[in-house]
Amino acid sequence: MMTLPYRGRIAPTPSGDLHLGHGRTFWTAFSRARAAGGTLILRMEDLDQARCRPEYATGAIADLRAIGIDWSEGPDVGGPDGPYTQSERGAWYQRVWQLLQATGTIYPSPHSRRDVAAALSAPHEPEGPAPDDEEPIFPPRLRPVTGTGVECTEPGQVNWRFRVPDGRRIEFVDLCQGATARVAGVDFGDFLVWRKDGFPSYELAVVADDHAMHITEVVRGADLLTSTARQILLYEALGWPTPAWYHCPLVLDERGQRLAKRHAALSLRSLLERGEGDKVWQA
Ligand code: GLU
């Protein structure tokens, strides 16, 4: 089998300052690309327009460079697979939505969060959060019967969900965590691929971009392991090869909680200002 040249990526969401956890994960991605003699790409994941701001994107680039991470394709340096900022890639996401729609695996879902919450509190529905994220499982009885998908060429102003194969065990080998499995319909349910505000979901955009940018290995935090199972279903539906996976352990605070914006003292900027940038490399 032909081995493709290594292409990795780092994909910050510019909705706040990067912290120690991001630094460690991105450092790992950088180191693995360098060790493989490969290419590292920076992709700015700014689709959440309510939370993302250009100054955070500029700050992320400055902080990553300050801790010594270097990339050869990205919004600031260009490259053959650009644009490298998700808000500029809308036409490609629409195309991928069309490809999915043609497979019959996605359906328009008019249900609001309130409908979903109400259905979840009814008896006999699976409940409880998936192990590594907080999305409640979409109740199967709110999904349309197979075959009633509407014919349309544009997503329109409605949410679209991927119909998961209930009960199927999705197994993958994670190069850091080892053999990993999630069960569709138990660990996660029908997930959003398109939002009624006109934007793709995180899952669709990441798969669309990792494929278009020829990514061979995805390095990211272990809180995205369930997303990997969802993304594998998208790759399968689209008939695309999956990349290799490497999910890094999360950096936790002294109370065992994962780092978030409230840990301002552990932002990369503060660490660098205090001369403690080496904490990033001390895994
Ligand atoms: N942009 C995502 C985040 O900041 C990372 C997505 C990914 O690496 O797949 O959480």
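Every number in this text was worked out from the coordinates using simple rules, so none of it is lab data. The model shown is predicted, which means the values in this text are computed figures rather than measured ones. Cβ placement follows ideal geometry from the backbone for every residue including glycine, while neighbour counts extend to all protein chains displayed.
Expressed in units of 2.2 N^0.38 Å, where N is the residue count, the Cα radius of gyration of the chain is 1.02. With labels modelled as points extended 7 Å from the Cα through the Cβ direction, what inter-label distance (nm, one decimal) is found for residue 135 paired with residue 252? Going by the 7 Å Cα→Cβ label model, 2.5 nm.
With the Cα gyration tensor of segment 196-253 giving a ≥ b ≥ c as the square roots of its eigenvalues, does the rule (a/c under 1.5 for rounded; else a/b larger than b/c for prolate; else oblate) give rounded, prolate or oblate? Could you put the intermediate results ahead of the total?
Details: a/c = 2.01, a/b = 1.32, b/c = 1.52.
Judged from the Cα gyration tensor, segment 196-253 comes out oblate (a/c at least 1.5, b/c at or above a/b).
Give the peptides 23-29, 223-229 in descending order of average Cβ contacts within 10 Å, highest first. Let's see the in-between values first.
Working: 23-29: 24.0, 223-229: 21.1.
Ranking, from highest mean packing down: 23-29, 223-229.
Against the chain, whose longest principal axis comes from its Cα atoms, helix 202-212 is set at around 70 degrees. Every Cα-Cα pair of segment 30-78 was included, and the share exceeding 19 Å stands at 31 percent. Using the alpha carbons alone, the radius of gyration of segment 155-283 stands to its Kirkwood radius in an Rg to Rh ratio of 1.04.
From the largest down, segment 1-124 spans 51, 39, 30 angstrom on the principal axes of its Cα atoms.
Across the alpha-carbon atoms of segment 159-230, the computed radius of gyration and Dmax are 13.0, 37 angstrom. Between segment 59-73 and segment 2-32, the alpha-carbon centres lie 10 Å apart. Between the listed residues 153, 105, 68, the Cα displaced farthest toward the positive end of the dipole of the chain, a dipole computed from Cβ unit charges relative to the Cα centre, is found at 105. Between residue 240 and residue 66, the modelled label-to-label distance comes to 3.4 nm, taking each label 7 Å out from Cα in the direction of the beta carbon.
Gaussian network model of the chain, Cα springs within a sub-10 Å range: biggest mean-square fluctuation belongs to which of 257, 86, 94? Taking springs between Cα atoms under 10 Å, the residue moving most is 257.
To the nearest 20 debye, what charge dipole does the chain have about its Cα centre, counting +1 at the Cβ of each Lys and Arg and -1 at the Cβ of each Asp and Glu?
Details: 31 positive and 37 negative charges, 21 e Å.
With Lys and Arg at +1 and Asp and Glu at -1, about 100 debye.
The relative contact order of the chain comes to 23 percent, based on Cα pairs under 8 Å that sit 6 or more residues apart.
Here the contact order of segment 1-118, divided by its residue count and restricted to Cα pairs under 8 Å and six or more residues apart, works out to 25 percent.
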